[in-house]
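Down below is the structure, laid out as structure tokens.
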Amino acid sequence: MATITKRKNQTTKDRSRTDATTALRRLVIPRPDILHTYLDYKQVNQYLQYLAQRYAHFVHVHILGHTHEKREIRALEINWMNSENVELSPQMREHSPRLFDIGPNGRFTVPVIHVGEHCRKTVFIEAGTHAREWISVSTALNCIYQLTERYTRNIEVLRKLRFIIVPLVNPDGYEYSRTKNPKWRKNRRPHKSAKFVGTDCNRNYDIFWNSGPSKINRNTYKGESPFSEPETRAMRCILDRMSSNLLFFLSLHSYGQSIMYPWGYCRDNPIYWRELSSLANSGKSAIKSYNGREYRTGSISCLTKRTIAGSVVDYVYGVLKVPMALVMELPSRELGFQPPVEMISQIGHESWYGIREMCKRSFDLRHQIVREKEPPLPWPSRHESSNEGVAIENTSTPTEETNTAGGDFAKTTSKKKRSKRTTIRAQHENILRLQRSLKAREAQDLPEGIQALPPGLFPRQMEPQHPPIKQSGLSRDGQGGGDGAILTSRGKPTISSPVSLVLL
């Protein structure tokens, strides 16, 4: 009764204002439950659109490209320090990015990602590269949730850094793993020359790409060429454009429970490996203080015990020269690629504590890492199509080329010969190298008794070093004085014959 009386006492102006507010609220997109369930592709986009509508003053959605099955690859930009929500000086306000750019026709265009000297340092987080790693998508959405809906608790990092998060790089494979095959890893673009489908997007980047797996039926197939997939091309466009503003790149995967830094293509450590290790250990300590879970830290090739060529982390760190780049393998081996839904919230929150601490640490290390003075990558780090018109300094030895590159990029050779070097070819090169060293030793006239190379390495190309074998002249009963030992038709003693051989 009191509500009806209050409604009658309202003026016409108040009623119209209430009706307008109700109409606006009906237009708001419903918010999916991101903390307690795995979202599908439509729900992920629905949540991103919900945030862009609710927090329009500092959240923007960008479409990076389309997949083979015409799904959109979306990125969310979180830029808190702009003219809409922070009181800035006139000079800073002038260079603050607007919500929309005004096109030549005077209309507002779609929001674009601003780059340049006046833009702040950016943290880039990507997830969902491998289709079956559902927990990485949920963890990326949890990071978005912490930076938007709980921004008051994370205002420190929001005032320092800009965030760009791609929660689902491989939507085609993600949907296929949810509906058809939960163990599917690759994308869904078919190959023209075979019946197999899909390419591993984390082997398709242009850094030592030729060393990757070339069998189409493998889960880690590298693709027909670098950036042959629409997902990696979309990532390349945004990463190349933002390379000057990127401070920290993080790739989310599962389920190794580790934080790793480059390199993946070889077992060498980068120049600034101490700073990268300090960055990884800061995240490890934050997670351990939160719930006691212990993460491992180290280089990608050492912790995985294998080399990974063509990965996005190596490309960002080695080619684009981003100061800091890490891979975060979420837990846990016992839970598999898709942990129970009861674990989504726990894994997401503990990962966010580590990610937030690493973001703070990266901001503190921004002046200690200077990538411009680093030497170039060993040849051939890039595919030949990317090296046209670019002078690459060949500072590596032939041995280093064999161990790190694993391929022949000579333009005069055929396409088949540009595949990974086989064991037979490597042995042949070792033989030639040993022969050259033998000739160099012989030219020095070494004294008698010193051998340039140990005997027996390649008997077909070297004279036998063992002295001839002489028969000892034992009798048939093995006591000596007889007419010789019993020999076979080939001149060798029989197994039962008690023959002793003496070297002259």
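The values are calculated or read from the model by the stated rules, or taken from the named source; none is laboratory data. Bear in mind the structure is a predicted one, so any value in this text is a computation, not a measurement. Heads up, the Cβs are rebuilt from the backbone with ideal geometry, glycines too, and the neighbour counts pull from every protein chain shown.
Here are a few things to note about the model shown:
- Test: residue in region 267-287 that is more than 20 Å from P331 (Cα to Cα) and buried (at least 24 other Cβ atoms within 10 Å of the Cβ): yes
- Check on R93, at pLDDT below 75, outside any loop (DSSP other than H, G, I, E, B) and more than 19 Å from R236 (Cα to Cα): yes
- Test: residue in region 174-186 that is touching a Cys at 6+ places or on another chain (Cβ under 7 Å) and touching a residue at least 40 places away in the same chain (Cβ under 8 Å): no
- Counting only residues that are farther than 20 Å from R306 by Cα, under 14 Å from the mean Cα position of the chain (by Cα) and not hydrophobic (A, V, I, L, M, F, W, C), region 236-274 holds 1 of them.
- Only one of I165, I135 that is buried (at least 19 other Cβ atoms within 10 Å of the Cβ), over 24 Å from I113 (Cβ atoms) and in the same structural domain as I73 (by TED's automatic domain parsing): I135
- Candidates Y174, Y205 - the one that is surrounded by 24 or more Cβ atoms within 10 Å (Cβ to Cβ) and closer than 22 Å to I259 by Cα: Y205
- Evaluation of A286 against (1) touching a residue at least 60 places away in the same chain (Cβ under 8 Å); (2) within 21 Å of I164 (Cβ to Cβ); (3) in a helix (DSSP H, G or I) (one fails), failing number: (2)
- Region 149-178 - residue that is at pLDDT below 95 and of a type in the set (V, I, T) and, of those, farthest from E357 (Cα to Cα): T152
- R233 passes every criterion in (1) touching a helix residue (DSSP H, G or I) at 6+ places or on another chain (Cβ under 9 Å); (2) surrounded by fewer than 22 Cβ atoms within 10 Å (Cβ to Cβ) apart from (1).
Matching residues to (1) in contact with a helix residue (DSSP H, G or I) (Cβ under 9 Å, 6 or more places away or on another chain); (2) aliphatic (A, V, I, L, M); (3) on the phi > 0 side of the Ramachandran plot; (4) not in a strand (DSSP E or B):
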position	(1), (2), (3), (4)
C237	no, no, no, yes
R241	no, no, no, yes
H253	yes, no, no, no
M260	yes, yes, no, no
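- Look at (1) in a loop (DSSP other than H, G, I, E, B); (2) at pLDDT 90 or above and you find that S345 fails only one, number (1).
- Per-region count, region 327-341, residues surrounded by fewer than 24 Cβ atoms within 10 Å (Cβ to Cβ) and touching a residue at least 40 places away in the same chain (Cβ under 8 Å): 10
- Extreme residue, nearest to I259 (Cα to Cα), among residues of region 295-326 that are in a loop (DSSP other than H, G, I, E, B), in contact (Cβ under 8 Å) with a residue 40 or more places away in the chain and of a type outside the set (V, I, T): Y295
- When restricted to residues that are outside any helix (DSSP H, G or I) and touching a Cys at 6+ places or on another chain (Cβ under 6 Å), region 126-158 contains 1.
- Taken over region 344-360, the criterion of being of a type in the set (S, T, N, Q) and either under 20 Å from the mean Cα position of the chain (by Cα) or buried (at least 23 other Cβ atoms within 10 Å of the Cβ) (or both) is satisfied by S351 alone.
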